[in-house]
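What follows is one structure encoded as structure tokens, with my remarks underneath.
The values are calculated or read from the model by the stated rules, or taken from the named source; none is laboratory data. What you are looking at is a predicted structure, and each value in this text was computed from that prediction instead of being measured. A quick note on method: Cβ atoms are made from the backbone with ideal geometry, for glycine too, and the neighbour counts reach across all protein chains shown. When the accessible area is computed, the model is the full protein with side chains, heavy atoms only, and any ligands, DNA or RNA have been set aside. Shrake-Rupley method; radii C 1.70, N 1.55, O 1.52, S 1.80 Å.
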Amino acid sequence: MGARKRNAANARKELMKVTSLAKLNNCPTSPMKMRLVVDMIRGKKVENALNSLRFSTKEAAGRLEKVLLSAISNWQAKMKVNVLKTTIFMLKKCLSTVPVSLKDYVPLLRDVDTVSKSVRITSL
């Protein structure tokens, strides 16, 4: 491994030591509906984001709140810290992506195949 790759790998390792990650796979919500909720909280402080999700009327907000709480608990386990009030969390990156689509070969009108979609959420 060259020096450039080694330096980049070490920088990634140092970044992942202070970053927590949580994923939600195969969520039965449409990607566009989930993206609306994700855009609502992206870039906010975690405390404000959780309040926005708790008082939101959208169904996707409950699922996203669960992922965000999981990311917080992952960070606490990684850092071995239980105090949340003294630490300021920022929601750095939150993604809502569509995984590979699976085709359901169920005959409908005019023999059209349906595509089942699910959402993958990643919060950093």
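Note on LYS58/LEU15: beta-carbon distance plugged into 1/(1 + (r/R0)^6) with R0 of 35 Å gives a FRET efficiency of 0.65.
Take the stretch 1-45 with all the other protein chains still there, run a 1.4 Å probe, and you get 75 Å² of accessible area per residue. Model label points for LYS44 and MET1, set 7 angstrom from Cα along the Cα-to-Cβ axis, are 3.9 nm apart. Kirkwood analysis of the stretch 1-78, using all unique Cα-Cα pairs, places the hydrodynamic radius at 14.4 Å. Pairs from the list LYS23/LYS66; LYS5/LYS80; LYS5/LYS78 with a Cα-Cα gap above 19 Å: LYS5/LYS80; LYS5/LYS78.
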